[in-house]
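Some notes on the structure that comes next.
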Amino acid sequence: GAVVSQHPSWVICKSGTSVKIECRSLDFQATTMFWYRQFPKQSLMLMATSNEGSKATYEQGVEKDKFLINHASLTLSTLTVTSAHPEDSSFYICSARVSPLNEQFFGPGTRLTVL
Amino acid sequence: KQEVTQIPAALSVPEGENLVLNCSFTDSAIYNLQWFRQDPGKGLTSLLLIQSSQREQTSGRLNASLDKSSGRSTLYIAASQPGDSATYLCAASDSNYQLIWGAGTKLIIKP
């Protein structure tokens, strides 16, 4: 199946700093990628839909100025958590949609801890 | 608005048993339905995808069924093994290809 990677796999940062998470499709091109957040013992929550070459579409309640998404190429989407705070600590997972079945393949996730 | 429910929230069975995980959805207008497993602290692994026109899909010891009219999907695991212990998530895809998630079933297979 299609392979999606994320980098870094975990990051610890101080409150107020910005953190960038990369999501790459390794063996296919993805015009659409998705960013999810998962809190402990909860299901995934869609944060935004990232479309190559255009602005991301954010879900209600997700601050677009805080969670900056850039999908500059068909194999790379980035999520930048700006001015991170402890409540942003979470597991961030990206996925890429693959045609023609529109199946989603997921990255391994990034564990963010904000001190 | 689509809602996806998974029952039970947790399940513990002895090794070797066959088991069924349930997933229900409120809106039958789904594009497809996917089953995933998630190991603690890890990402998601796609197990099976069923298109809206299909009734079931099989992969090894796993069989997933889809009944759109009743809004239900089941994941059948045959001859369970301790390595099957994980959280199993189902997700229904709408016409915009966005996934609507169930809360998951935490499965523990006892040796």
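The values are calculated or read from the model by the stated rules, or taken from the named source; none is laboratory data. From a predicted model like this one, the values you see are computed outputs, not experimental measurements. We place every Cβ from the backbone using ideal geometry, glycine too, and count neighbours over all the protein chains shown. Please note that ligands, DNA and RNA were not included when accessible areas were found on the heavy atoms of the full protein model with its side chains. Shrake-Rupley method; radii C 1.70, N 1.55, O 1.52, S 1.80 Å.
Couple of notes before you dig in:
- When we screen A:Asp88, A:Asp27 for residues that are of a type in the set (Asp, Glu), open to solvent by less than 30 Å² (accessible area, probe 1.4 Å) and either out of contact with any helix residue (DSSP H, G or I) (no Cβ under 8 Å at 6 or more places or on another chain) or more than 12 Å from chain B (Cβ to nearest Cβ) (or both), the only hit is A:Asp88.
- When we screen A:Thr75, A:Thr57 for residues that are touching a Ser or Thr at 6+ places or on another chain (Cβ under 6 Å) and over 24 Å from B:Ala103 (Cα atoms), the only hit is A:Thr75.
- Those strands (runs of 3 or more DSSP E) of region B:1-103 in which at least 3 residues are touching a residue at least 60 places away in the same chain (Cβ under 8 Å) and touching a strand residue (DSSP E or B) at 6+ places or on another chain (Cβ under 6 Å), considering only elements entirely within it, cover B:4-7, B:10-14, B:19-25, B:32-38, B:86-93, B:99-101.
- The set of residues from region A:99-115 being more than 10 Å from every other protein chain (Cβ to nearest Cβ), open to solvent by 20 Å² or more (accessible area, probe 1.4 Å) and in a strand (DSSP E or B) comprises just one member, A:Thr113.
- Region A:1-40, subset part of a loop (DSSP other than H, G, I, E, B) and either within 17 Å of B:Thr45 (Cα to Cα) or among the basic types (Lys, Arg) (or both), residue modelled with the lowest pLDDT: A:Gly1
Yes/no matrix, rows are residues, columns are (1) in contact with a His (Cβ under 8 Å, 6 or more places away or on another chain); (2) more than 30 Å from B:Ala10 (Cα to Cα):
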site	(1), (2)
A:Arg24	yes, yes
A:Thr32	no, yes
A:Thr57	no, yes
A:Ile69	no, yes
A:Leu79	no, yes
A:Glu87	no, no
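- Filter pass, A:Lys20 being open to solvent by 80 Å² or more (accessible area, probe 1.4 Å), more than 10 Å from every other protein chain (Cβ to nearest Cβ) and either under 13 Å from the mean Cα position of the chain (by Cα) or of a type in the set (Gly, Ala, Ser) (or both): yes
- Any hit, region B:70-80, residues being under 18 Å from A:Glu103 (Cα atoms) and within 14 Å of chain A (Cβ to nearest Cβ): no
- For the residues A:Ser54, A:Ser73, the requirement of being surrounded by 13 or more Cβ atoms within 10 Å (Cβ to Cβ), at pLDDT below 90 and more than 26 Å from B:Cys90 (Cβ to Cβ) singles out A:Ser73.
- Within region B:24-57, tally of residues that are of a type outside the set (Lys, Arg) and within 9 Å of chain A (Cβ to nearest Cβ): 12
- For A:Ser43, the criteria (1) within 12 Å of chain B (Cβ to nearest Cβ); (2) at pLDDT 90 or above; (3) open to solvent by less than 40 Å² (accessible area, probe 1.4 Å) hold in every case but one, which is (2).
- Check on A:Phe34, within 28 Å of B:Ser52 (Cα to Cα) and open to solvent by less than 10 Å² (accessible area, probe 1.4 Å): yes
- Residue pairs meeting the criteria (Cβ under 8 Å; at least 6 apart or on separate chains; first assigned to a loop (DSSP other than H, G, I, E, B), in region A:69-93; second charged (D, E, K, R) and surrounded by 19 or more Cβ atoms within 10 Å (Cβ to Cβ)): A:Thr75/A:Arg24
- Verdict on B:Leu89 being surrounded by 20 or more Cβ atoms within 10 Å (Cβ to Cβ) and within 14 Å of the chain's Cα centre (by Cα): yes
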